[in-house]
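The values are calculated or read from the model by the stated rules, or taken from the named source; none is laboratory data. Remember, it's a predicted structure, so these values are computed and weren't measured experimentally. Cβ: placed from backbone, ideal geometry, glycine included. Neighbour counts: every protein chain shown.
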Amino acid sequence: MTIPKITTSRWDVEDGHTLAGYERTGGYAGLKRALEMAPEAVHGEVKTATLLGRGGAGFPAGIKWGFCPPGVWPRYLVVNGDESEPGTYKDRILLERDPHQLIEGCIIACYALGLSQCFLYVRGEMAHGQERVAAALNEAYQVGYVGKNILGTEFSVDIVLHWGAGAYIVGEETALIESLEGNRGMPRLKPPFFPAAIGLYGKPTIVNNVETLSNIPWIVENGGQAFADIGGEQSPGTRIFAVSGHVNNPGVFEVEFGTTTFRDVIMGEDYAGGIRGGNDLKAFIPGGASAPWFFEEHLDLPLEKGTVDRAGSMLGSGAIVVMDDSTDMVRACHNLVRFFARESCGKCSPCREGTSWLEKILQRIIDGNGRPADLELLMDVCDNISPGISWPPKQTTICPLGPSAVSPISSVIERFADEFDAYIENRRPSIPVEATS
Amino acid sequence: MSDEVTFVINGNEVVGTAGDNLIEACEEAGVYIPRFCHHNRMNPVGMCRMCIVEVDTGRGPALQPSCMLTVAEGMIVDTESDVTKKAQDGVLEFLLVNHPLDCPVCDKGGECPLQDQTMAYGPGESRFVEEKRHYEKPIPVNDNVFLDRERCILCDRCTRFADEVAGDPLIHFMDRGNETQINTFPNEPFASYFSGNVVQVCPVGALTAKPYRFKARPWDLDEADSTYPNAMGDRISVQASRDQVLRFQGVDSDAVNWGWLTDKERFAFEAYQGEDRLTEPLVRGGGLNEADPDGDELVGTSWSSALRSIAKAISDTEPAKVAVIGGSRLTNEAQYAWTKLAKGIIGTDNVDADMGDELPVHALLGLPRATIAEACQPGGTIILLGPDPKEELGTLYIRLRHAVREDGAKLIELTPSGTGLSSIATASLHARPGEVGAVARALVAGGATTDIGGVSADDINAAHGFLDGAVTVVLGRASLAESVTPTLEAADALAGIENARFLPAVRRANTMGALDMGMAPGLLPGRTTLDAGRAGFADVWPNLPDSAGADTAAILAAGLAGNLDVLIMLGADPIADALSATDAATALANIGTVVAVDVLANASTAAADIVLPAAAFTEVSGSHTNLEGRVSPVRQKVTPPGTARPDWMIAAELAGYLGSDLGFDEPSDIWAELAARSAVHGDITAADIEAADDGVLITARGRVSFEPPEGEVRVDPVDAYALRLVSARRMYDDGTIVQASPHLCGFAGAAELRVNSYDFNRLGVAAGQPVRVSSAVGAVEVGVASDDLVPRGVAVIDYNRSGADARNLFDLDAVSIDVRLESGA
């Protein structure tokens, strides 16, 4: 069976981002179909599809949709378009190339769950995507796909486009809600602030990722079962992976979910096309900067949530970052930890103080001032942020940002302690720093 | 009870209440969990992570911040497990990595939760060898509070206080990650009446208050829990070193102030140590050893000489020509002693603690009373028929604000202008001055069909719908430019609401105590009248007058007319406070012997013939009665300066010079006599008051009845060229204490006239530009400002601030006052 393109079908259509191009290629058929169905039936299709959330946690969207307490209105849909995990750039392209597909998904979701209003939160840096979504929204409003009495029915819903101000933490759903309310983007505590119960403005709120919602029109048009029939049993459908780093052909690829392997995506000619310059693979990050690292022996694992979880990492946001054997792992680790230290919101002490402490220790080691006890110190500071340094991580922090900084450190110390030793003993890297061509 | 739950703390079964905060439930059970961000009077945020403990709610033990959890059946809490300890030690280390080691020069050292926690559990050495975070230290966030961002552990207590509690969100987090800092917005200081509280709640030495900075170390201080002499009776800790008061801290009293204080209270201790303090008796002409036999200046004298002169003046005239005004500053015991001296020994009923700016006695004592807690009860309805609590009763403002924001109470403003609570009020009915009675009647009746008193029928009817819960009326004088009659009309109407209760919003310290002690014409101690109580007091108060005497206004009028020979002012400043300034000044000049018994020099002590220095409230023992009738202890912490004495002792000594004996050797003797004779204080002993943390509430109604005004007041319509005047006090004014406090006096700006932007624009002047305001009886020049809290057609002028004396506009015979504004004055 050929695997259909579900979310990326219009990426090669020149005007796929316009209403004309979208409608010409079958757009808004899902919405029309949905409006003929009972809302519960639409929700049922999504449940049948077992659409796993594409934002990072991989929680089934159909089940999440069922968490709204009955009888409480208003209730909101918030679209998490604050894609900022290093290595992840699938939502940006979905926003730029196929904004109507997302809008259609949003309207269907609002119809299915009786949501009062939709807030589309787009990361501040993605200016082109924002403009495309804004233009698409205007078109959709004009012809009645969004707004009052959609397509002549009694169903009405508004979509509000909100531009973020550029904070990684706002990708965390409760921080996004805070930001949307006009506050500092700082996460709320769960419990009690589970968005489905106490979300935006204290009301029940469904927060979904851009890619998750972009799947909805196809599911409604073709049926949840058709979606479930594709890909792995536990991880059905297709999924977009963004491959970056030391590969010949970095890019975003829609692949069959649950069956395709890392080797297929990293090495396959149709995909990333292998390691650059014929080098050997040294490590890869399977699911964005927060994920513990994988190595050669993990290449044949399928891109399947459960399998990857059990192997000690995560598919996360679908970002695969590849490092070849010319990579200085200490510097790579420092690079990621520095990112998390800079993006820490500052709300809770372990993350605010811990991540920047880790970053300072790593910087000191790179500067040639490392001490033998530093590895133990690094691991103990990590342990105080993420007790036990286990997977899935425990945390002394409010949100997962703190433990995210632990992943690269524990991965590198476990596998490449000798590179640290070289810095500490010889005060210089084991991998010579070369200018890349 | 149905919501009782059983849970386990460290292996011990504990019974708690479902929904209680876990960190507090553990503390109640004797297990203290360390914390920095959690504060029992603010919403939890779970930020510092210090209180993280292992909690098992059925899915295995997991680390959870105990401040964010509520107790549930079967919960297993382990605050001592290795995992808990490791996590808490880790958090402590994180908090310390960037915290400077300047404890030896930090004011917080010795009372610092971070220091205590580190000493108790922290590591001996730091593993952090990198450079710590650096900031300029310290920076002022306002004139009195300094912020050292290096010491700050970002617990969100000060910022939460500013936002949630005070409603002045002027300090906030800035930047992010490790660079996160607390700061003010550019060019906007943390201008809050409550800013000192952030110093008290700061768990480290990041926030310090200028009046205390580098003054003492905590271990050198000793403290006494006492009661601040304001109408709320805020509970405070008076902290002193080497017989000098160095700091007031709020005490968390459930019934009253919840630990909060206004800056006006917190920083007022310096007033009693300044150069305005009276420390020796003064007399005009003569003086000690006849130092100034022919002079007209006040010069030092001896107590015996001063008291002898007063006794002679009293003896030389008839009792009816002796009067006593003031006394709301005094303790209950001192009030009783002076009332006994005046009414029972001298035999004059010309005794009045009120300066003419409160509601009449029958309104304060005669309506069913509410407590603060009753006013603030969840789901209740509060009707504000009185002054702006944010300006006049700071901690009541905090309590009311909490009730509305957190406990679902509804607030109906029945005020002539907006208040500090307007932004959260459920309904605001801004009745035109003079017409609040009609609006109140319509509010109670509902179904209004036309606008009444400047309030739309829709607004009145909507507010009527909120009268469903328990109704408490916060009752006081919203405007000094309006006679009391409209307010009494409104109170009468609101008293018709089923079970409505009243919380008197009086503004002076121990006004309610003064009434309970009989410091008003026609009144005797125990909320009873001269006639009704006479028999009970006759044996110890032998010379009780036959009939009711004069109130302050009548006393001053008698002075003007030459019918008064001796006037004793007990902490009273009629020149500043009486509603007619010129009458007061002239009367004082006219009366043969004017005696001022006071703590601080003021305009009226300067006009007195004999000045007796009294001890301040930190220097005396006794009790205080707050606006809800709660009696709480006032405790001596330091000795009075010079030869200043407690007020009750001055009364006792003067009685001696008059050939009598009050029979009091101690304040407790006074309370014993009161308790033996008062119908409402009978059950309470001085020891009870001493023992009760929250004071003792007096609930008996007494024998004073509310006297509703007869007929309806008629108010002429405002003409198109006039505005109706409101005059109200501000937190910081030209009052004696504020002006004598070096860290407060600068906040009392010049008087200002505020009008709605509509009226302001019609005026065509720039903000702050002086305008000429004229009423039928006088005129002032005052700067004008636009303020949309003020309704159209109304002008609000500050009372008792420099630059313009609002009293010049007052016609005391009129119900309300209309003024015209002229620009280009």
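Matching residues to (1) within 13 Å of residue A:352 (Cα to Cα); (2) aromatic (Phe, Trp, Tyr); (3) assigned by TED's automatic domain parsing to the domain that holds residue A:364; (4) surrounded by fewer than 23 Cβ atoms within 10 Å (Cβ to Cβ):
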| position | (1), (2), (3), (4) |
| --- | --- |
| A:380 | no, no, yes, yes |
| A:385 | yes, no, yes, no |
| A:395 | no, no, yes, no |
| A:408 | no, no, yes, no |
| A:413 | no, no, yes, yes |
| A:417 | no, no, yes, yes |
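Which of the helices (runs of 4 or more DSSP H) contained wholly in the stretch A:94-193 include at least 3 residues that are under 18 Å from the mean Cα position of the chain (by Cα)? Full working, then the answer.
Details: elements: A:99-113, A:127-143, A:173-180.
Where helices (runs of 4 or more DSSP H) fall fully within the stretch A:94-193 and carry at least 3 residues being under 18 Å from the mean Cα position of the chain (by Cα), they are A:99-113, A:173-180.
Return the total of residues in the stretch A:1-36 being assigned to a loop (DSSP other than H, G, I, E, B) and of a type in the set (Asp, Glu).
First pass over the stretch A:1-36, keeping only residues assigned to a loop (DSSP other than H, G, I, E, B): A:1-18, A:25-28.
From what's left, of a type in the set (Asp, Glu): A:12, A:14-15.
Total satisfying the criteria: 3.
Keeping to the stretch B:125-181, report how many residues are part of a helix (DSSP H, G or I), in contact with a Cys (Cβ under 9 Å, 6 or more places away or on another chain) and facing another protein chain (nearest Cβ under 9 Å). It would help to see each step written out before you state the result.
The first filter runs over the stretch B:125-181 and keeps only residues part of a helix (DSSP H, G or I), leaving B:157-165, B:177-179.
Filter once more, keeping what is in contact with a Cys (Cβ under 9 Å, 6 or more places away or on another chain): B:157-158, B:160, B:177.
Checking which are facing another protein chain (nearest Cβ under 9 Å) leaves us with B:177.
Within the stretch B:125-181, residues that are part of a helix (DSSP H, G or I), in contact with a Cys (Cβ under 9 Å, 6 or more places away or on another chain) and facing another protein chain (nearest Cβ under 9 Å) number 1.
Suppose we filter the stretch A:324-361 for residues that are small (Gly, Ala, Ser) and in contact with a Pro (Cβ under 8 Å, 6 or more places away or on another chain); how many remain? Show your work before the answer.
Pass one, the stretch A:324-361, residues small (Gly, Ala, Ser): A:326, A:332, A:341, A:344, A:346, A:349, A:354, A:356.
The next check asks that each one be in contact with a Pro (Cβ under 8 Å, 6 or more places away or on another chain); those that pass are A:332.
Summing the residues that are small (Gly, Ala, Ser) and in contact with a Pro (Cβ under 8 Å, 6 or more places away or on another chain) in the stretch A:324-361 gives 1.
When residues of the stretch B:638-660 are filtered for being within 27 Å of the chain's Cα centre (by Cα) and farther than 17 Å from residue B:333 by Cβ, how many remain?
Summing the residues that are within 27 Å of the chain's Cα centre (by Cα) and farther than 17 Å from residue B:333 by Cβ in the stretch B:638-660 gives 3.
Which residue, of A:207, A:220, is crowded, with 23+ Cβ neighbours inside 10 Å, farther than 18 Å from residue A:55 by Cβ and modelled with pLDDT of 95 or more?
Numbers: A:207 fails: farther than 18 Å from residue A:55 by Cβ.
On inspection, the qualifying residue turns out to be A:220.
So that you can scan it fast, the table gives a plain yes or no per residue for (1) surrounded by 15 or more Cβ atoms within 10 Å (Cβ to Cβ); (2) farther than 25 Å from residue A:361 by Cα; (3) hydrophobic (A, V, I, L, M, F, W, C):
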position	(1), (2), (3)
B:56	yes, yes, no
B:60	no, yes, no
B:66	yes, yes, no
B:79	yes, yes, no
B:91	yes, no, yes
B:117	yes, yes, no
B:135	yes, no, no
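Any residue in the stretch A:175-184 that is modelled with pLDDT under 95, crowded, with 21+ Cβ neighbours inside 10 Å and not acidic (Asp, Glu)?
No, every residue in the stretch A:175-184 fails to be modelled with pLDDT under 95, crowded, with 21+ Cβ neighbours inside 10 Å and not acidic (Asp, Glu).
Considering only the stretch B:86-109, how many residues are basic (Lys, Arg) and away from every other protein chain (no Cβ under 11 Å)? Explain how you work it out, then say what you get.
Taking the stretch B:86-109 and keeping what is basic (Lys, Arg), we get B:86, B:108.
Next, from what is left, pick out any that are away from every other protein chain (no Cβ under 11 Å): B:108.
Number of matching residues: 1.
In the stretch B:708-816, which strands (runs of 3 or more DSSP E) lie fully inside it and hold 3 or more residues that are under 32 Å from the mean Cα position of the chain (by Cα) and among the β-branched types (Val, Ile, Thr)? Step through it out loud before you land on a result.
On the way: elements: B:723-728, B:752-755, B:770-774, B:779-786, B:794-798.
In the stretch B:708-816, the matching strands (runs of 3 or more DSSP E) lie at B:779-786, B:794-798.
All but one of (1) within 14 Å of chain A (Cβ to nearest Cβ); (2) modelled with pLDDT of 95 or more hold for residue B:57; state the number of the condition that does not hold.
Residue B:57 satisfies every listed condition except (2).
Tally the residues that are within 11 Å of chain B (Cβ to nearest Cβ) and within 18 Å of residue B:89 (Cβ to Cβ), restricting the search to the stretch A:379-411.
14
Filter the helices (runs of 4 or more DSSP H) completely within the stretch A:260-374 down to those with at least 1 residues that are away from chain B (no Cβ under 14 Å) and within 21 Å of the chain's Cα centre (by Cα). Working first, answer last.
Numbers: elements: A:262-267, A:305-310, A:329-343, A:349-364.
Result: A:262-267, A:305-310, A:329-343.
Return only the number of the condition from (1) within 11 Å of chain A (Cβ to nearest Cβ); (2) surrounded by fewer than 17 Cβ atoms within 10 Å (Cβ to Cβ) that residue B:83 does not satisfy.
Among (1) within 11 Å of chain A (Cβ to nearest Cβ); (2) surrounded by fewer than 17 Cβ atoms within 10 Å (Cβ to Cβ), residue B:83 violates only (2).
Taking residue A:198 and the conditions (1) part of a helix (DSSP H, G or I); (2) surrounded by fewer than 20 Cβ atoms within 10 Å (Cβ to Cβ); (3) β-branched (Val, Ile, Thr), which numbered condition does it fall short on, given that it satisfies the others?
Result: residue A:198 fails condition (1) only.
Just to verify a result, which residue in the stretch B:66-80, among those that are of a type in the set (A, V, I, L, M) and closer than 14 Å to residue B:51 by Cα, is nearest to the other protein chains (Cβ to nearest Cβ)?
Start the filter on the stretch B:66-80 by keeping residues that are of a type in the set (A, V, I, L, M), which leaves B:68-69, B:71-72, B:75-77.
Within this subset, residues satisfying the condition of being closer than 14 Å to residue B:51 by Cα are B:68-69, B:77.
Working: B:68: 5, B:69: 7, B:77: 15 Å.
Only one residue fits best here, namely B:68.
Does the stretch B:106-122 hold any residues that are aliphatic (A, V, I, L, M) and in contact (Cβ under 8 Å) with a residue 60 or more places away in the chain, and which are they? Break it down stepwise before answering.
Within the stretch B:106-122, the first condition is being aliphatic (A, V, I, L, M), and the residues that meet it are B:114, B:119-120.
B:114, the sole residue that qualifies.
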